[in-house]
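Everything below concerns the one structure shown next.
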Amino acid sequence: MRVLMAYDGSPCAEAAVEDLGRAGLPAEAELLLVSVTETWLPPPSGLELVTPGVVTSIHERTEAMKEQVVRAGDRLRARFPGWSVESMQAAGSPATVLLERAEEWKPDLIVVGSHGAGPLQRFLIGSVSQRVATHAPCSVRIARGRVEEGVADGPTRLVVGIDGSIDSDMAVYVVAHRQWPAGTEVRLVTSIGPMVSAQSLVSFPEEKSIVEEWQGRAARQLREAGLEVSTVLSFEDPKQALVHEAESWGADAIFLGSHGRGAIARFLLGSVSAAVAARAHCTVEIVRRVSTAIWPEAEEGATLAGE
């Protein structure tokens, strides 16, 4: 597995480093730490170039970042001895650099913090993580601290969005094939929106059975992987259902597909995944079409049910 991780030394970047230990990633992987010196501002003028302190400041900032990246790499090697950890530095727009590197290096997962630091305190602000999440060619994990403080030693809790689409099936597959500690709990959440009430759903048994089939299929897959599973049917707006469930339950992370289906099954459209990533108080991992090396069935467009 290949993981590309943005790093800028900020508290959010440090939180992302710690979050890797709760991501269920394999014992062997390749990790590339990418730090970017932001240069979206106009280049220095001729006068600025000869003004004492301007170039020195840029150089000092770059050197300080190198030291921070080295220390972060050392911590990750110590925590994941089976990982190959490399680092690179670049200059430019952080989001652009990350996306270009992803196209070249072809990672399975990109990890970014939700906010960051740098010139004007802007390295990984929401707009950057949102742009990466929207345009990346692979899955993206937007790392945050756990929603509730003081519960870090409790069981890992994961919320997974389910809507019957191949994208949500892949999110389930990814969760089922990660390496989680014993006692990990998964809550499957399906939102059918505020236009449908619990009473009206009784009048449409076919729709109810469809939702139950989605959740039942996913629950079986996860239980076979040794995970504890519960299910929730929400009548909230899809953009709020996952966020509210994760917050009230104290989830460590939300997993969801990048796209979904229509009508009753329009849970995980791109706009919904983007909204969840922006609003959630915990880590959000947006799962995109995984490679056939990770999920062989993806080559034929199969779902977990073999459809």
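The values are calculated or read from the model by the stated rules, or taken from the named source; none is laboratory data. In this text, all values refer to a predicted model and were calculated from it rather than measured experimentally. Cβ atoms come from the backbone with ideal geometry, glycine included; neighbour counts cover every protein chain shown. Protein only, heavy atoms only, side chains kept; ligands, DNA and RNA dropped before computing areas. Shrake-Rupley method; radii C 1.70, N 1.55, O 1.52, S 1.80 Å.
For Val70, the solvent-accessible surface computed with a 1.4 Å probe is close to 80 Å², ligands and nucleic acids excluded.
Each of Glu213 and Ala27 was given a label point 7 Å from its Cα along the Cα-to-Cβ line. The distance between the two points is 4.0 nm. Could you tally the net charge around Glu86, taking each other residue with its Cβ under 14 Å from the Cβ of Glu86, Lys/Arg +1 and Asp/Glu -1? Result for the local shell: +1. Remark: spin-label model distance Ser248-Glu86 equals 4.7 nm, labels positioned 7 Å along the Cα→Cβ axis. Packing around the peptides 16-22, 74-80, 162-168, taken as the average count of other Cβ atoms within 10 Å per residue, puts them in this order, highest first: 162-168, 16-22, 74-80.
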